Every structure is written in structure tokens, then in C-alpha cells.
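Q: First, the structure itself, so that you have it in front of you.
Read-outs: derived from the displayed coordinates by stated rules, not from any lab. These numbers were taken from a predicted model, which means no experiment stands behind them. Methodologically, a virtual Cβ is constructed for each residue, glycine included, from the backbone with ideal geometry; neighbour enumeration extends over all protein chains shown.
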Amino acid sequence: MEKDIKTILAECGFSFKKQLGQNFITDKNLLSSIVSSSGVGENDTVVEIGSGAGTLTRALSERVKKVIAFEVDKSLQPVLAQTLAGCSNAEVIFRDFLKVNLKEFEKETGEYFVVANLPYYVTTPLIMKLIEESEKCKGLSVMVQEEVAERLCAKAGTAEYGAITAMIALRAECEITKRVPRTLFYPRPNVDSAVVKFTFSDRLEVSDKAVYKKVVHAAFLSRRKTLENNLVNAFKFTREQAREILTACGIDLKARGETLSPERFAALADYITKIQ
Ligand code: SAM
């Protein structure tokens, strides 16, 4: 790619859509380090969500077997025609990835890694889609605003720990691999970002994932209330039943949901599944 990305965008008359989180990565070192830290290699298929101007798509295509990129904004087509010229292993699908039927998609694609740089309101539904529906996703590297990254990787008992953290634990381990200052994006956003790497494995054994999800959501229903109160509200248990369940699982009756590790949520969910 001979021309600078800013020149291509200007020549194509591209107008940035703030509502789609269009802050593009232009820094070559950053692109290279995102690809390296995602752990993808020359035999891998990578699904990129949100190709934007294609800078990350191109960096990925130089290091992996195949890149399938999704992008909702069709007006990026003329930009991508230039930035991805000569990248024969990269394909862009102009669709909202959140609406893709993952089962059908995985039948064709086989195993894959996901790499994405997304606005926060797409990140949580994307993570939940992969956690709940994917069977062939081996890993995810996602750039998000820094405070969201802290929440995704939070430990039990901290202020950042929430339902999303406990849901992630069902299928994946995650860690922050890189902090990225806002100055490395074009246009420059108002916040700094971080890259979170998820490694998929069936980390928690639970007999019914739907019950686990319900327990987790119940636990964080109201942070100021005890787990007992939240269980009574979410499951319609009597107070006595809720106390029996907590006692049987060795959980303090005064405990709040946010103090329980994912493993303890799993034990609680399994007990509830057994008695229901
Ligand atoms: N990957 C590029 C980069 O790093 O420079 C672009 C990142 S930009 C932060 C996010 C891109 O995702 C935008 O181009 C936006 O249009 C696209 N996008 C937002 N929601 C999407 C969705 N649900 N499916 C596919 N693309 C989406």
C-alpha cells in the first residue's frame, strides 16, 4: 500500500460515523503488535469484526492463511478496494456480524480466531455471542476502551467484577495484553484503549449453562442486596429455600453476589439444577 491511509480516506470522500465507533488504527508498530499478541499464525483463519479502513485486515492477511472480515459500513468499499489491493487471502463481507448465524458460518469456516477493534456497545454482545453460540472459536483478541478491558478481566470481589466477567469464565480465560493510548487512532477518541486476549477452553464444568447464566444475572441484579435477596427475586424461591441452598453450598447467608468466584457460581448453579 503506497498511499497513506488518511490520503485514501480523503480521496474517497469518506465521512466518519461516530455512532459506529470509527476510530481507525494507522500506526504500523501497533498493528504488528496486535497481530503478534493475538497468537495467530500462518495456518490460521482469522475473522475480523469491523474492518474499518482495512489496516488491521491487511496486517493480519500478511501473517495468516485467511482473513474473513465483516464490516457494516458499505461506504468503506472504495477505501478497502485500495487498502486491501493484492491481499488475495482477505475477503470482506458487508454485514453486521451480530446477525450472522454462527452455526451455519462455522460449518463453512472450521476453526478460527477472532480479532476486533470495536465500540463498547458491540463488544459485549459479540463476546456473549461467542461464549454462548460458538463451537469453533479458539480465541479472541479485542481492543476496547480501557475501563471495559478492566471489567472483562476483573477478579471476584472487586468493583469491576460483574455478570460479563462471570459469563466469560464459563468458556474462556482472559488477560489484558496491551494498553493503547488514544493518540494512536485516527480520528482520536476521548478515551484510551486496551487489548484483551481470550483463550477459549471449557474452563468451568456446569450441568446447565442456562441455570448458570440465571444465577450470575441474579447475583448482580442489585449489588447492594445480598445474594439471598437476589436469588429470592430472580428464582422466586422462598426465603427459607434460598437459605437452604446457600447453606448447602457453603455460602455465607450475608454474602453479596460480587464476592463469589465463577467456580462458586458454577457449584451454586449445579445445586439449583439438581433440586429443581
Ligand atoms: N479494524 C479497524 C481498525 O482497527 O482500524 C476498524 C476499527 S473501528 C473502531 C470499528 C469498525 O467496526 C467500524 O468500521 C464500524 O463500522 C465496524 N462495525 C461496528 N459494528 C459492527 C458490526 N456489528 N459488525 C461489523 N462491523 C461493525
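Q: Could you tell me how many cubic angstrom of Cα convex hull volume region 121-168 has per residue?
A: 79
Q: Under the definition of Cα pairs under 8 Å and six or more residues apart, what whole-number percent is the relative contact order of the chain?
A: Reported relative contact order: 15 percent.
Q: Tell me which of 124, 110, 26 sits at the most positive position along the dipole axis of region 5-200, charges placed on C-beta atoms (Lys, Arg +1; Asp, Glu -1).
A: 26
Q: Farthest toward the dipole's positive end in region 126-223, which of 164, 180, 148, given Cβ charges of +1 (Lys, Arg) and -1 (Asp, Glu) about the Cα centre?
A: 180
Q: Still on this model: So in the chain, what percent of DSSP beta bridges are antiparallel if you round to the nearest 5?
A: Details: 17 of 36 bridges.
Restricted to the chain, the bridges split so that about 45 percent are antiparallel.
Q: I want to check the label-to-label distance for residue 263 and residue 159. Put each point 7 Å from Cα in the C-beta direction and report it in nm to one decimal.
A: Roughly 2.8 nm, to one decimal.
Q: Further question on the same structure: For region 209-275, with only Lys/Arg (+1) and Asp/Glu (-1) charged at the beta-carbon, what is the dipole magnitude about the Cα centre, in debye rounded to 20? Present the calculation step by step, with values, prior to reporting the outcome.
A: Working: 13 positive and 7 negative charges, 57 e Å.
It works out to roughly 280 debye.
Q: When N is the residue count of the chain, what does its C-alpha Rg come to as a fraction of 2.2 N^0.38 Å?
A: Values: Rg = 21.1 Å, N = 276, 2.2 N^0.38 = 18.6 Å.
Output field value: 1.13.
Q: Oh, and also: If you average the C-alpha positions of region 158-191 and of region 1-66 separately, how far apart do those two centres end up, in angstrom?
A: Here the two parts' Cα centres lie 19 Å apart.
Q: Skipping prolines and chain starts, which residues have an amide H placed within reach, meaning under 5 Å, of the one on residue 26, given they are 5 or more residues away or on another chain?
A: Amide H to amide H, under 5 Å and 5 or more residues apart or across chains, residue 26 pairs with 186.
Q: Based on DSSP H runs of at least 4 residues, each adding -39500 (n - 2.57), what is the mean residue ellipticity at 222 nm of the chain after dividing by all its residues, to the nearest 500 deg cm²/dmol?
A: One gets -11500 deg cm²/dmol as the mean residue ellipticity at 222 nm.
Q: Of 65/129; 103/129; 28/66; 17/136; 103/138, which sit over 22 Å apart, Cα to Cα?
A: From 65/129; 103/129; 28/66; 17/136; 103/138, over 22 Å: 65/129; 17/136.
Q: Using +1 on the beta carbon of Lys and Arg, -1 on that of Asp and Glu, and nothing else charged, what's the dipole of the chain about the Cα centre, debye to 20?
A: Working: 39 positive and 36 negative charges, 145 e Å.
Roughly 700 debye for the chain.
Q: Using amide H atoms built 1.01 Å from N in the peptide plane, name the residues 5+ places from residue 172, or on other chains, whose amide H lies under 5 Å from its own.
A: Long-range HN contacts for residue 172: 201, 203.
Q: Extension gain residue 179-residue 28, at 0.36 nm per residue separation less the Cα-Cα distance, in nm?
A: Gain in length upon complete extension: 52.8 nm.
Q: So who's got an amide H within less than 5 Å of the one on residue 180, skipping anything under 5 residues away but keeping other chains? H placed 1.01 Å off N, in plane.
A: 193, 194, 195
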